[in-house]
Amino acid sequence: MDLGISLDFGSVYGLWSVSEENKKSRWAWPLGLATGVAGAALVLFRGCWHGKMSWPVRAQGYAYQVCLGCGIKRLFDEKNFQAYGPYRYDLNRLIAWDHAQREKAEPAFPPSEERPAS
Ligand SMILES: [Zn+2]
C-alpha cells in the first residue's frame, strides 16, 4: 500500500485543476498563510506601500495618519513628529496596541491617558 503524502498531493492537484469545487480546498492553505502575513499580503494585493500618508488626524486623544492609497491607519507621535507602530485599518486596534506598549514600557507610572485635556 502506498497511501503516503505524495498520493494525497497528487489527488488534490488533479482535482483542483478540473473541479471548481475543489478550488476551495486548494485555497484553504494559501488563505491560512495569508492571515499570518496579512500586512505583507495586503501590500501584494493592493500594491500599496503606504507611501502617501495624510496629515495627522486627531481622534479619541490619539493622532494618526491615514494612507491616501488604501486608507490604512497608523499612529502618529506628535512630540517626535513621526509615525510609529503597526498599520491597521481599525483605529481601535491601534489604540489597543498603544495601550499594550505603554503598559510594557512604563510599568512604574500610574496610567494617565484618561486625564482630560483642559
Ligand atoms: Zn496604503
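Taking the Cα-to-Cβ direction at LYS104 and at ASN92 and moving 7 Å from each Cα, how far apart do the two end points lie in nm?
About 2.3 nm, to one decimal.
Out of residues 5 or more away from MET53 or on other chains, whose amide H comes under 5 Å of its own, with H placed 1.01 Å from N in the peptide plane?
LEU68
How long is the gain from ALA63 to ASN80 if the chain were fully straight, where each residue apart is worth 0.36 nm and the alpha carbon distance is subtracted?
4.9 nm
None of the figures in this text is laboratory data; all of them are computed from the coordinates on show. Given the structure is predicted, the values throughout are model-derived calculations rather than measurements. Cβ coordinates were reconstructed from backbone atoms using ideal geometry, including for glycine residues, and neighbour counts include every protein chain displayed.
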